[in-house]
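Enquirer: Once you've had a glance at the structure underneath, I'll fire off some questions.
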Amino acid sequence: MAFSTPASRPRSTTAPDSDRPTRIESHGIDHIPDEERYGHPRELFSVWAAANVNYLSLVIGGALVLMGLSLAQAFVVILVGNLFWLLTGVLAMSGPAAGAPSEVITRAMYGVRGNRVNNAVTGWMISVCYFALNLAAAAGAAFALVEKAGLDASTPVKVVVVLVVAAGTLTIGVYGHGLIVRLYLPITLALTAVFGVVAYVVLLKADFGYAPEASLSGVDLWATVIAGVTLIAAGPLSYTTSADFSRYLPATTSAKAVVGWTALGGFLPSVAVCSIGALAATVVDMTDPQTALESMLPGWFGPVFLLALVLGTVAINAMTAYSAGLALQAVGLRIRRSRSVLVDGAVAVALTLYALLVSDFLDTVSNVLQLTVVLLGPAMTVYAVDIWLRRNRYDGTALMDESPASPFWYAAGFSPAGAVAVLGGGAVAALCVNTAYTGPVARALGGVDLAMPVGMLLAGLLYALLSRGRISA
């Protein structure tokens, strides 16, 4: 299917004053005018790559082997789960079309008022949870650095470390899009170099013939494979806001290029880092991935590896904080984007300290990532189907209208099609889930968790059927 674009105009390669990397971005959820659009879609690759060379991917890759999968099975799960980055790319192409962030574009799906609810849950709340999880991961590496420096990582020291890492993260989020685009290429190159060394060491020591002592089969195997795919897919599915990072591109930008560079930027590093985690798990105990990997590396390289873990997590969290700030604005809070990012950071820091000092980190990661799919899978599918139905044609100016005269006011500010689709898909997914709790469908299937495919499929079908005749492309 071809998606149309407006007539061609000269492409600017220079950032406008509103988006210079050395200044705090002046735009929030408002429309980006044509004269301020600039850049090339290939820049999206480093934005997404920097965010996906991270500690959490190592944790997930190692977790697949800990769950009882063989190395070959883990590789298949990693590849299949990361194919969902294609959906992240599809959503990103709506950014140049509308000149608006995802938090505003979704008014077309849920209505002006309904979208405030959507942003409060799938935009703000889940983003803050991911921010906290990733910050906890970065803090763990930073604690180890502190101890290598000869200091005791006591509770007060841990609190200070979390605050310092959060401050660095939020600085990038506050400065915004221009700094992210400029900074993430060198971050990608630095992280690639460090993880290249890690990969080399792991490849030398990995057991390529690894198989668990008790091989999984039948229902147990399917349950584990599907749970693993869900765990991996939770990453790309969490980016229902990918248009936030493509909206400054000119409206004439190739939709295929936006999809391709975004998807590749997420897919390639995520597959590579998850695979490193899985390979390492064949020879070391990945219940504590950081310590396990450090034991495999040369002593002098340990601090470099820990710094890379912190840097990679800062990169992904700066993007999360940025989008969470936009979501808070889209909920209706009248606050500057830069300040909304700081609000998000304060909440995330509190959650992080809880995750580090009270709960079990690996259990928290697994439960949160799998449970968010109940909401994020249907939400992403509705968004993708809307792009398909409209042929990626969005009127950015009309999307800014929040009055009852808005074409996206629908019924009292709510879109029945969007609400029924996402709630219906989420409700059915909740019946199928098997993570923090076991739904009745999963129980009947012996623990097989079909929440992600069932929820996404139903949400997409409902939205397409209920939107018939309402959307004209």
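The values are calculated or read from the model by the stated rules, or taken from the named source; none is laboratory data. The shown structure was predicted, so the numbers you read here are calculated from the model rather than taken from an experiment. With ideal geometry, Cβ positions are generated from the backbone for all residues, glycine too; neighbour counts draw on all protein chains shown. Heavy atoms of the whole protein, side chains included, go into the accessibility calculation; ligands, DNA and RNA do not. Shrake-Rupley method; radii C 1.70, N 1.55, O 1.52, S 1.80 Å.
Enquirer: Sort through V314, V284, V273 and tell me the only one that's closer than 26 Å to A72 by Cβ and in a helix (DSSP H, G or I).
Expert: Values: V314 fails: closer than 26 Å to A72 by Cβ; V284 fails: in a helix (DSSP H, G or I).
Residue meeting the stated conditions: V273.
Enquirer: Now for a different question. Would you confirm whether or not the range 234-243 contains a residue that is over 20 Å from G61 (Cβ atoms) and either modelled with pLDDT under 90 or open to solvent by 10 Å² or more (accessible area, probe 1.4 Å) (or both)?
Expert: yes
Enquirer: Name the residue, out of A263, A280, that is more than 27 Å from A141 (Cβ to Cβ) and surrounded by 23 or more Cβ atoms within 10 Å (Cβ to Cβ). Working first, answer last.
Expert: On the way: A280 fails: more than 27 Å from A141 (Cβ to Cβ).
Checking each option against the conditions leaves just A263.
Enquirer: For Y354, all conditions in the list (1) among the hydroxyl-bearing types (S, T, Y); (2) surrounded by fewer than 23 Cβ atoms within 10 Å (Cβ to Cβ); (3) under 20 Å from the mean Cα position of the chain (by Cα) hold save one; what is the number of the exception?
Expert: (3)
Enquirer: Sticking with this one: Kindly indicate whether any position in the range 398-405 is outside any loop (DSSP other than H, G, I, E, B) and open to solvent by 40 Å² or more (accessible area, probe 1.4 Å).
Expert: There is no residue in the range 398-405 that is outside any loop (DSSP other than H, G, I, E, B) and open to solvent by 40 Å² or more (accessible area, probe 1.4 Å).
Enquirer: Out of the range 20-48, which residues are aromatic (F, W, Y) and open to solvent by 10 Å² or more (accessible area, probe 1.4 Å)?
Expert: Y38, F45
Enquirer: Which pairs have Cβ atoms under 6 Å, sit 6 or more apart or on different chains, and link a residue in the range 426-442 that is buried (at least 21 other Cβ atoms within 10 Å of the Cβ) and modelled with pLDDT of 90 or more to one that is among the aliphatic types (A, V, I, L, M) and not in a helix (DSSP H, G or I)?
Expert: Close Cβ pairs satisfying both conditions: C432/L450.
Enquirer: Of all residues in the range 49-83, which are closer than 30 Å to A419 by Cα and crowded, with 24+ Cβ neighbours inside 10 Å?
Expert: Residues satisfying the conditions are G81, N82.
Enquirer: Would a scan of the range 453-460 turn up a residue that is open to solvent by 50 Å² or more (accessible area, probe 1.4 Å) and touching a Pro at 6+ places or on another chain (Cβ under 8 Å)?
Expert: Yes: one or more hits.
Enquirer: Name the residue that is least open to solvent (accessible area, probe 1.4 Å), counting only residues in the range 181-215 that are outside any helix (DSSP H, G or I) and in contact with a Leu (Cβ under 7 Å, 6 or more places away or on another chain).
Expert: Keep residues of the range 181-215 that are outside any helix (DSSP H, G or I), which gives 206-215.
Still in the list and also in contact with a Leu (Cβ under 7 Å, 6 or more places away or on another chain): 206, 208, 210.
Values: A206: 17, F208: 120, Y210: 55 Å².
Restricting to residues being outside any helix (DSSP H, G or I) and in contact with a Leu (Cβ under 7 Å, 6 or more places away or on another chain), the top hit is A206.
Enquirer: Can you give me the number of residues within the range 159-180 that are touching a helix residue (DSSP H, G or I) at 6+ places or on another chain (Cβ under 6 Å) and either surrounded by fewer than 17 Cβ atoms within 10 Å (Cβ to Cβ) or without any contact (Cβ under 8 Å) to a residue 40 or more places away in the chain (or both)?
Expert: The qualifying residues number 2.
Enquirer: Within the range 326-343, can one find any residue that is modelled with pLDDT of 95 or more, of a type in the set (D, E, K, R) and within 27 Å of L44 (Cα to Cα)?
Expert: no
Enquirer: If V104 satisfies all but one of (1) open to solvent by less than 10 Å² (accessible area, probe 1.4 Å); (2) under 28 Å from V331 (Cβ atoms); (3) in a loop (DSSP other than H, G, I, E, B); (4) not hydroxyl-bearing (S, T, Y), what's the number of the condition it fails?
Expert: Result: V104 passes all but (3).
Enquirer: Give the residues of the range 37-91 that are in contact with a Pro (Cβ under 6 Å, 6 or more places away or on another chain) and part of a helix (DSSP H, G or I), sorted by residue number.
Expert: As a first pass, look at the range 37-91 and keep what is in contact with a Pro (Cβ under 6 Å, 6 or more places away or on another chain): 37, 49, 52-53, 58-59, 62, 68, 84-85, 88.
Matches in the range 37-91: A49, N52, L58, V59, G62, W85, T88.
Enquirer: Output yes when any residue across the range 185-207 is polar (S, T, N, Q) and closer than 22 Å to A272 by Cα, and no when none is.
Expert: yes
Enquirer: Which residues, taken from the range 223-270, are outside any helix (DSSP H, G or I) and within 25 Å of A429 (Cα to Cα)?
Expert: Result: S238, Y239, T240, T241.
Enquirer: Limited to the range 443-473, what total is found for residues that are in contact (Cβ under 8 Å) with a residue 12 or more places away in the chain and part of a loop (DSSP other than H, G, I, E, B)?
Expert: The qualifying residues number 10.
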